[in-house]
Structures are given as C-alpha cells and as structure tokens.
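Worksheet for the structure shown next.
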Amino acid sequence: MELWPSRVGYSDLRRRDLGSSGKPELKVLLAGPRGFCAGVERAIRIVEMALAEHGAPVYVRHEIVHNRHVVSDLEAKGAVFVDELDEVPDDALVVFSAHGVPKSIPDEARRRRLLFTDATCPLVSKVHREVERHHRDGRRIVLIGHAGHPEVEGTMGQVAHGAVVLVETVEDVAALELDARERLAYATQTTLSVQDTAAIVAALKARFPAIEGPRNEDICYATTNRQNAIAAIAARADLVMVVGSPNSSNSLRLVEIARRSGCPRAHLVESARDLDPRWLDGVSVVGISAGASAPELLVQQVIDELGTRFAVDVELAEIVREDVTFRAPPIPKRAPAGAS
Ligand code: SF4
C-alpha cells in the first residue's frame, strides 16, 4: 500500500517553500515527555520475564497495555491474550494487565491454584489502596472515570458491590443521589484530563463540602506531563498527531487537549499507515506526541514517513525530563514435579 498517494498534488507542493533537498520544508515539534511511562515499561518487562522464566505460552488477561503493536509483539514471543480466566488452562502462568483487576480475579486464580503475577501499575495499586481505606473507614466512594474502562472496573472491584459510584461528568455530579450527611470520599482514574477532572472535583466539593479526596490527585505523573507537553506544542502547531491506539484513554485525552489548546486539527494515528496526506495541506508546523502505551518506534516511523515527502526539521519540545522506574515483582516459579 502506498502511504503517500499522489493526492498531495504537485501544485500543493509548489506552494510550499522548497528546502535544499528540493522537498518542501516541514517543522516537527516533538513533545517531551511522550510515549512509554514507567508503568507500561514495567508491565511489558513482566510479560517478557515470565516468558523467559516459563517459556511460551504465557497467558495475559486483557491487553497488557492498550497498544496493538505492543500486544502483537508479545504475541509473536509467545504471549496469549485472553478476556477471562476461564480461558487459561490449569497448569499455565497468567499475568494481569497494567490497568489493574478486581479482587475477584486473583481470588479466582488462587481458588484454581493458577500461577499468576500482577502487572498492575503501582500508581493504580495506590488508588486501589485509597479506595479500600475509605471503604474500611465507612465512606461511600465517588470514582471519577470512564465507564467500562478496565482500570475503572478494577478499582470498583476492590470493595463490595455498590460501595463505589461512578461519575464521568459535572452533570453526573449534579445527578448523584447521595445524602450530603453520608461520609464520602472521591478517587479518580489515573489517565483522565487534568482540566476536566478539576472541574468535576470542584463540583463534588461544592455539593458535598465534607467529601475527602487524595492530597495530590490520582491522575499520574505520566498523564500530567504528557498533557502539559502537548498543550505547549499545540499552541505552536498547524497540525498535531498523537500516536496511540483508539482504546488508549490517555492517548485520546492528548488529542482532546491538543484541540483545546489551540490546534483544532489534531488526529490520533495508530501508526504511519494512518497518515492522511490531505491533513498536511497548508501545514508548515506539525506537533507529534504519543500516548503512554505507544512505543517510540511508531513515532519514529511517523517522522520517517513525513521525511519521504518533506525536508523535516525536528525540534524536541521537552517540558520536563522523567526518570521514574518501577521494579518488577519476581515471577512465581512452578513447584518441582512431585511436590504438593
Ligand atoms: Fe501507571 Fe500512569 Fe502509566 Fe497508567 S499511565 S501505567 S497509571 S504511570
């Protein structure tokens, strides 16, 4: 398939400045930070360690992170992705994804005596512990998040059914049927828009002044940094492209934030194959970022693709340097044959 079909006509190219290579010039603002966060790196490392320790197949419940490229790469190495534990054979090792799981999942794995390891990001686990503490202290919990997202299902599943009520918008807060005298607390999904979440938290505090919440919000450092970085480049760009998968919450938020921050022409691309040359009509500055689950290789391929048509000048627009890493847990070993 031709990635850059001739729909970008010669007349379009002539209108541009031609660089010394004879190609029109294109400035690329590369957001920093972008791409893999510490939680995603750790989750991928855990699956690779499990494969090294046990050999293929290693089962993974749900996509380890929301990126098709990462999932295909691990599948090629011997990982088998399943939706539920009943698809995992009794003698297999299973890894739980970075998004976290309801308590019922490790309980079920123990009941079946499956070997399992948990790749839940430590920053998601921190939210799980907060929710458990509020529940133990007798508070009803309002969770700000997106219905159906695995992280939300995992967080709600830390406590008894009905103990957590989910809100997605300021309107949902207005519609909450809670007694203002009830002891309340809130928590949030880690990958939300910082700006939208602040508005929802403000609405919660206005309606329920005594509601408790985290000292620093639950939105993680990686989400916050990527959102600030894309806002900074969107204001300078004619077009923004975010590399990420359509089911990646933090990638979708980056597209929304680029649009709100001064660049209405913002698109999500899973890979270089998604580039539409028509997007580049009249464009001289392109901003590029990537969601926390998107590998840097895909970003490089997008830039390389632009380079087939343009004389690309890349400027790294880094607002902060990240040095966060998370240790991986040990991979459980199989009991020696004959041991009970
Ligand atoms: Fe952890 Fe944040 Fe990365 Fe999610 S986006 S895996 S919470 S560091």
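State the answer as a single residue: which of V164, V240, L123 lies farthest towards the positive end of the charge dipole of the chain, with beta carbon charges of +1 for Lys and Arg and -1 for Asp and Glu, about the Cα centre. Looking along the dipole axis, the top candidate is L123.
Taking the charge dipole of the chain about its Cα centre, with +1 at Lys and Arg Cβ atoms and -1 at Asp and Glu Cβ atoms, the residue from F81, S261, Q301 reaching farthest to the positive side is S261.
Dipole magnitude of segment 130-273 about its Cα centre, charges +1 at Lys/Arg Cβ and -1 at Asp/Glu Cβ only, in debye to the nearest 20?
Numbers: 16 positive and 18 negative charges, 85 e Å.
Dipole of segment 130-273, to the nearest 20 debye: 400 debye.
Across the chain, the relative contact order, built from alpha-carbon pairs under 8 Å that are at least six residues apart, equals 27 percent. About its Cα centre, the dipole of segment 101-140 is roughly 140 debye, where the only charges are +1 on Lys and Arg Cβ and -1 on Asp and Glu Cβ. Contact order, relative form, for segment 138-271: 21 percent (alpha carbon pairs under 8 Å, 6 or more residues apart, mean separation divided by residue count).
Please report, in cubic angstrom per residue, the volume enclosed by the convex hull of the alpha-carbon atoms of segment 152-244. Working shown, then result.
Details: hull volume 12.0 nm³, N = 93.
Taking only Cα atoms, segment 152-244 has a hull volume of 129 Å³ per residue.
3J(HN,Hα) along segment 41-48, derived from phi through the Karplus expression 6.51 cos²θ - 1.76 cosθ + 1.60 where θ = phi - 60°, amounts to 4, 5, 5, 5, 4, 4, 5, 5 Hz, with x in place of Gly and Pro. To the nearest 20 Debye, how big is the dipole of the chain about its Cα centre, given +1 on the beta carbon of each Lys and Arg and -1 on that of each Asp and Glu? Charge dipole of the chain: 600 debye, to the nearest 20. By other beta-carbon atoms within 10 Å, ranking V65, V285 with the fewest at the front produces V285, V65. Residue by residue, segment 304-315 carries 3J(HN,Hα) couplings of 4, 5, 4, x, 6, 10, 10, 7, 8, 10, 9, 10 Hz when phi is fed to the Karplus relation 6.51 cos²θ - 1.76 cosθ + 1.60 (θ = phi - 60°); x denotes Gly or Pro. Working note: 222 nm ellipticity from helices only, DSSP H runs with n ≥ 4, each -39,500 (n - 2.57), summed and divided by the residues of the chain, gives -10500 deg cm²/dmol to the nearest 500. Phi angles across segment 96-109 convert, under the Karplus curve 6.51 cos²θ - 1.76 cosθ + 1.60 with θ = phi - 60°, into 3J(HN,Hα) values of 8, 6, 5, 7, x, 9, x, 4, 4, 6, x, 4, 5, 4 Hz, Gly and Pro given as x. Scanning residues 5 or more positions from E270 or on other chains, those with amide H under 5 Å from its amide H are G244, with H placed 1.01 Å from N in the peptide plane. With Cα atoms defining each centre, segment 23-43 and segment 281-306 are spaced 7 Å apart in the structure. Close amide-amide hydrogen proximity is noted between Y186 and V142, E212, G213, each under 5 Å apart and 5 or more residues distant or on a separate chain (H modeled in the peptide plane; Pro and chain starts excluded). For the chain, a Kirkwood radius taken over Cα pairs fed into Stokes-Einstein (20 °C, viscosity 1.002 mPa s) yields D = 98 µm²/s. With loop membership from DSSP and a limit of 16 other Cβ atoms within 10 Å, the longest segment of the chain without GluC sites (Glu not before Pro) is 183-321. Under a 5 Å amide H cut-off, with hydrogens placed 1.01 Å from N, M241 pairs with H267, G287, I288, S289 among residues at least 5 apart or on other chains. Quick one: check the C-alpha center-to-center distance for segment 180-219 versus segment 252-275, whole angstrom. The distance from the Cα centre of segment 180-219 to that of segment 252-275 comes to 27 Å.
Here, each number is a calculation from the coordinates, and none is a lab measurement. Every value quoted in this text rests on a predicted model; they were computed, and no experiment measured them. Ideal geometry is used to build each Cβ from the backbone, glycine not excepted, and the neighbour counts take in all protein chains shown.
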